[in-house]
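Single-structure report; data block below.
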Amino acid sequence: MKKVIDLISKEVADAFEAAGYESRLGRVTLSNRPDLCEYQCNGAMAGAKEYHKAPFMIADEVAEKLQGNEMFESVESVKPGFLNIKVSRDFVRQYIVKMMHEKKLGVEQPGHAPEFIIDYGGPNVAKPLHVGHLRSAVIGESLKRILRYTGHKVTGDIHMGDWGLQMGLIITELHHQHPELPYFDENHTGPYPKEAPFTISELEKIYPEASGKSKEDEAYKAEAMEATKQLQNGNRGYRALWHHILDVSVTDLKKNYKNLNVDFDLWRGESDVHEVIPGMVEYMKQHGYAHESQGALVVDVAEETDAKEIPPCMILKSDGASLYNTTDLATIQQRMDEFHPDGLVYVVDKRQELYFTQVFRCARKTKLVLPETELHFVGFGTMNGKDGKPFKTRQGGVPRLENLIAEIDEQMYGRIKEGNPEITEEEARKTAHQVALSAIKYGDLSNQPSKDYVFDIEKFTSFEGDTGPYILYTIVRIKSILAKYEQEGKSAKQALLNAPGSDTEKSLMLQLTKFADSVESASRELMPNRICAYIYELSNDFNSFYHETKILTEPDQDKKEGYIALLYITLKVLETGIDLLGFTAPDRM
Ligand code: ARG
């Protein structure tokens, strides 16, 4: 669907041409003086030099040509030569009616759906999720929804850290604690037990213990490295144990991500490319991409234009072991072979930016990807506490995500109960969680991903201001009016929209016409904050309209129906917006 701004630009460009000027001067922008007009055109200013004419004379002539045009309520030429434009009320009405009949509320859909894979979440098996994993999950989930809405075919992959030294550490610690287990008996030939020899909470205690010991005890560390190697080389007992670790851990991860309203199409991990690595390394050697440097195998990725040094990408360590880089490159190869994607998007802490520069360059240089394959790194900033340092619990530790959410749920539960004494326990719990998620997710997504932000839960949970709960509150307000209207036996869905009467009504409607712009720019720039900014403004516009308009008590039935239609559409746009951000609204709160 053509954008309002483009439709206006076309008319104004034609008018420039009709007045004897070049049509390119007719480009229109949003007004920077919303008190005076809605759109403006500065083309006469630009044209003055070329045509050796005072700008206001050009503007006058163009404005003249636009008089009587049904698209405009007014086009004024103001000194020194601007065109101030207001669109006609019926044009706005027609545009919105059309938008409601379009697929995806008028958001542009490509002819052929580009295929993308988003790598997000990135938890490490056997370690609890902590707040550091929150941003990747929240931003990645939103980007997945935004890209889908803008016509991409998207596969979300969690890319778990499930291989490497951390697994060797756990196996070593288990060996020390339970040497009697059959997994450690080299002579064991039969099947291994079906049940894991630990629960998730036991497992989560094992890792920090092992990691602590390995830092102090060289021999212990060597043992863990040996266990890692044996696991990777296929030691039967270790593999069986590793499967238990994975099962127990993934069950818990699934529960946690579900609670966050985040889901993945693929639950793959670093281990899934273990078999891809030898072939890839061989390929890199044979084509002369990789060479030996101080015993290690590396690919040079520096470029002449680099302002700072970009070190080579290491493929194998001097002892022949693979690294984080190796698994990421092998994963790229696997994704290309299996899905032939047009693009890969990584949602990872921005401190890994240099690392991803190396990996992307290496993938291009070694032709693991096509020249036209898009590789995007969406690096996110740190979630800080009010003191400006990385967020900590009151006790000073890194908080578990589960506990953090439970705490906010509990606070919201109290507030919901207080405001709605008659609410059932079940609805109160469900609503509290919806509000909590809106607070956490909106608090995160309303910032540009690359920026650090302060996790200020008091601010995030406020029902006023630029917050998730404020957006939900606005939605709930609309739902409640529509429910009352329907109690009168009428259908809100079938209500007919009128051209706007008051200025606040017109502002609200103009804001509705801009929905597609916000979603398309969020998709193009991989920035969900564009949608937050849009729905916040839309909520403000709605609330201004609401505060000065009698809706249900409006005696003129035609006018009332028009208001209801406007509410219905506003609700639809707001609900779509929050769905793209990854949260939902209750019926009351
Ligand atoms: N597991 C990693 C970590 O906790 C994040 C993985 C990011 N994704 C990737 N493809 N490297 O740091």
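The values are calculated or read from the model by the stated rules, or taken from the named source; none is laboratory data. What you see is a predicted model, and the numbers here were worked out from it, not measured in a lab. Every residue, glycine among them, receives a Cβ derived from its backbone with ideal geometry; neighbour counts consider all protein chains shown. Heavy atoms of the whole protein, side chains included, go into the accessibility calculation; ligands, DNA and RNA do not. Shrake-Rupley method; radii C 1.70, N 1.55, O 1.52, S 1.80 Å.
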Take Ser450 and decide whether it is in contact (Cβ under 8 Å) with a residue 40 or more places away in the chain, of a type in the set (Gly, Ala, Ser) and in a loop (DSSP other than H, G, I, E, B).
yes
What is the number of the single condition among (1) open to solvent by less than 70 Å² (accessible area, probe 1.4 Å); (2) farther than 30 Å from Gly343 by Cβ that His101 does not meet?
(1)
Enumerate the pairs (first residue in region 354-369 and touching a residue at least 12 places away in the same chain (Cβ under 8 Å) and outside any helix (DSSP H, G or I); second residue anywhere and within 14 Å of the ligand (Cβ to nearest atom) and open to solvent by less than 30 Å² (accessible area, probe 1.4 Å)) with beta-carbon separation below 6 Å, excluding pairs fewer than 6 apart on the same chain, so at least 6 apart or on different chains.
Leu368/Ile332; Val369/Ala363
State which residue is farthest from the ligand (Cβ to nearest atom) when the search covers only region 370-395 and only residues that are free of Cβ contacts under 8 Å to residues at least 40 places away in the same chain and of a type in the set (Ser, Thr, Tyr).
Thr393
Which of the residues belonging to region 143-153 are away from the ligand (no atom under 16 Å from the Cβ) and either in contact (Cβ under 8 Å) with a residue 24 or more places away in the chain or in contact with a Leu (Cβ under 6 Å, 6 or more places away or on another chain) (or both)?
Arg145, Ile146, Leu147, Tyr149, Thr150, Gly151, His152, Lys153
For region 319-327, indicate whether the set of residues that are aliphatic (A, V, I, L, M) and within 16 Å of the ligand (Cβ to nearest atom) is non-empty.
yes
Given the structure, is Lys127 away from the ligand (no atom under 15 Å from the Cβ) and either of a type in the set (Val, Ile, Thr) or open to solvent by 30 Å² or more (accessible area, probe 1.4 Å) (or both)?
no
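Using the structure shown, decide if Gly156 is among the small types (Gly, Ala, Ser), more than 10 Å from the ligand (Cβ to nearest atom) and either part of a strand (DSSP E or B) or open to solvent by less than 10 Å² (accessible area, probe 1.4 Å) (or both).
Criteria met by Gly156.
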Residue under question is Ile332, and the condition is that it be away from the ligand (no atom under 15 Å from the Cβ), closer than 12 Å to Val359 by Cα and at pLDDT 95 or above; does it hold?
no
With respect to Gly111, is the statement that it is within 16 Å of the ligand (Cβ to nearest atom), closer than 30 Å to Gly151 by Cα and part of a loop (DSSP other than H, G, I, E, B) true?
no
Could you grab the pairs with beta carbons closer than 7 Å, sequence gap of 6+ or different chains, first residue in region 334-348 and open to solvent by less than 10 Å² (accessible area, probe 1.4 Å), second one polar (S, T, N, Q) and within 15 Å of the ligand (Cβ to nearest atom)?
Val347/Ser136
